[in-house]
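All remarks here apply to the structure that follows.
No lab work stands behind these numbers, since they all come straight from the coordinates. Since this is a predicted model, take the numbers as computed values, not measurements. Here the Cβ positions follow ideal geometry from the backbone for every residue, glycine too, while neighbour counts run over all protein chains shown.
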């Protein structure tokens, strides 16, 4: 991420936005289970909220510096931080009740890698496990914020088909003026 993007994602304003809007909208009406995987926690805005609502939270973060920072901020309790690539996870099959990701899919370097991430999430979810998340829609500001960053937009119109191609069922995408949320389940 570029410097401006890092500043925004580590700000109290972003944390408030995630707590008040992104998480409630994404998880509204869902039971993500007790043992949850968070993909790409970044600076941990969602992690701090999730840790209070699940028994065990495992986070996989590709950026070693961000993973170390999260470990320092959340040293005890029910959160485990792994530095790793979510497109090739070393986690065991069917390990989690639910999986979530918040405004990070667009940072995955290609649509093919995004699809590999979806397949990996499917693999590590238990039967009937829920995968939910949110990502941003394209805008001038969004493009400007990602100048010199990885930015591979996810099309909310085609995303349900991509989730189904990874094996998920009941794939649903809802759009608001700024973002889209998705939900899907692993087959029983």
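Couple of notes before you dig in:
- Förster-model FRET efficiency, 25 Å R0, residue 153 and residue 174, C-beta, rounded to 0.05: 0.90
- Taking other Cβ atoms within 10 Å as a rough exposure proxy, 175, 49, 130 sort from fewest to most as 175, 49, 130.
- Here the Kirkwood formula puts the hydrodynamic radius of segment 12-63 at 11.5 Å, using every distinct Cα pair.
- Compactness of segment 44-100 - radius of gyration and Dmax, Cα, Å: 11.1, 28
- The convex hull drawn around the Cα atoms of segment 5-109, when projected onto a plane and averaged over every direction, covers 6.6 nm².
- Residue 123-residue 187 pseudo-label distance in nm [points 7 Å out on the Cα-to-Cβ vector]: 1.8 nm
- Candidates 102, 159, 168: whichever shows maximal mean-square fluctuation once the chain is modelled as a Gaussian network with Cα springs under 10 Å: 159
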